[in-house]
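Scroll down for the structure; my scribbles are underneath it.
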Amino acid sequence: TIYPKATRPMSSAKIGKEELLSKLAEWNIVTETVEHPQVSTVEQALPHLENTEGKFAKNLFLKDKKKRLYLFCAPHDADIKLNDLAKLVGATGGLRFADASILEEKLGIQEGSVSVFGIINDTENEVKLVLDQRLLDETYTKLGFHPMVNSATTSISPCDLKIFIDKTNHEPLIVTIN
C-alpha cells in the first residue's frame, strides 16, 4: 500500500497522534486540536488556523557536521538564518536539514509533520531541543504544533509546553531569534 507521506503507518514502538493526545490528557495538558487537509508548509497551514487562538510554530529538524541532531521550534514568522542559529547552539560546521529517515527513526514523524511533540519519541535524548524564548515567555497565549501528522494542529499554552518538555525528560536550550 502506498500512503501519503504523513499518514504512513509508523513502527509500533513510536507514539503517533492518538497516543500523543491521550498522553497529553493523562498529563493534564489542555489541548485543542483542529483537523485540516495535509499541509507541507506553514503557508499552507495558516488558512486552516485563522479561527484559532495563538501562534503556529515553525519546526526544523537539523544536524551539524558531527551528526548531532537538533529540533528547533520558533514562531512561524521568525526570520531564521541557519548560520546564526548554528552559532547560538554551538553547532560544529554549521547546520543543515537532517534526512527524513533520521527524522522518522528518532522522532517517529514524517517530513512535513515536524513538531515539538516528536520529542516524546526521543527516549534516548539524542535530539537537542532548541526553542525560541517567545514560545515559553507567554508572548503568545497558545502555541500550535502538528500532533505527529500534518493533517491536524494541536494548540497548547506555553505553561503546558513546559510541562510536556519536562515529562519527556528534555532540557531545552532557549535562544533569542531577532
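The values are calculated or read from the model by the stated rules, or taken from the named source; none is laboratory data. Just so it is clear, the model here is predicted, and its values are computed rather than measured. Reconstructed Cβ throughout: ideal geometry from the backbone, glycine too, with neighbour counts over all protein chains shown.
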So for the stretch 65-85 (the condition being aliphatic (A, V, I, L, M) and more than 16 Å from the chain's Cα centre (by Cα)), does at least one residue qualify?
yes
Residues of the stretch 110-133 satisfying the condition of being in contact (Cβ under 8 Å) with a residue 60 or more places away in the chain and assigned to a loop (DSSP other than H, G, I, E, B):
GLN110, GLU111, GLY112, SER113
Could you tell me which of the residues GLY54, GLY90 is at positive phi and without any contact (Cβ under 8 Å) to a residue 40 or more places away in the chain?
GLY90
From the list LEU71, LEU60, LEU88, LEU82, which one is buried (at least 18 other Cβ atoms within 10 Å of the Cβ), within 19 Å of VAL127 (Cα to Cα) and of a type outside the set (Phe, Trp, Tyr)?
LEU71
Residue hits (the stretch 97-109; among the small types (Gly, Ala, Ser), touching a residue at least 24 places away in the same chain (Cβ under 8 Å) and not in a loop (DSSP other than H, G, I, E, B)) are none
Within the stretch 15-23, is there a residue that is surrounded by 14 or more Cβ atoms within 10 Å (Cβ to Cβ), in contact with a Phe, Trp or Tyr (Cβ under 6 Å, 6 or more places away or on another chain), at pLDDT 95 or above and closer than 21 Å to PHE72 by Cβ?
yes
Being in contact with a helix residue (DSSP H, G or I) (Cβ under 9 Å, 6 or more places away or on another chain), more than 20 Å from PHE117 (Cα to Cα) and not in a helix (DSSP H, G or I), is that true of even one residue in the stretch 68-85?
no
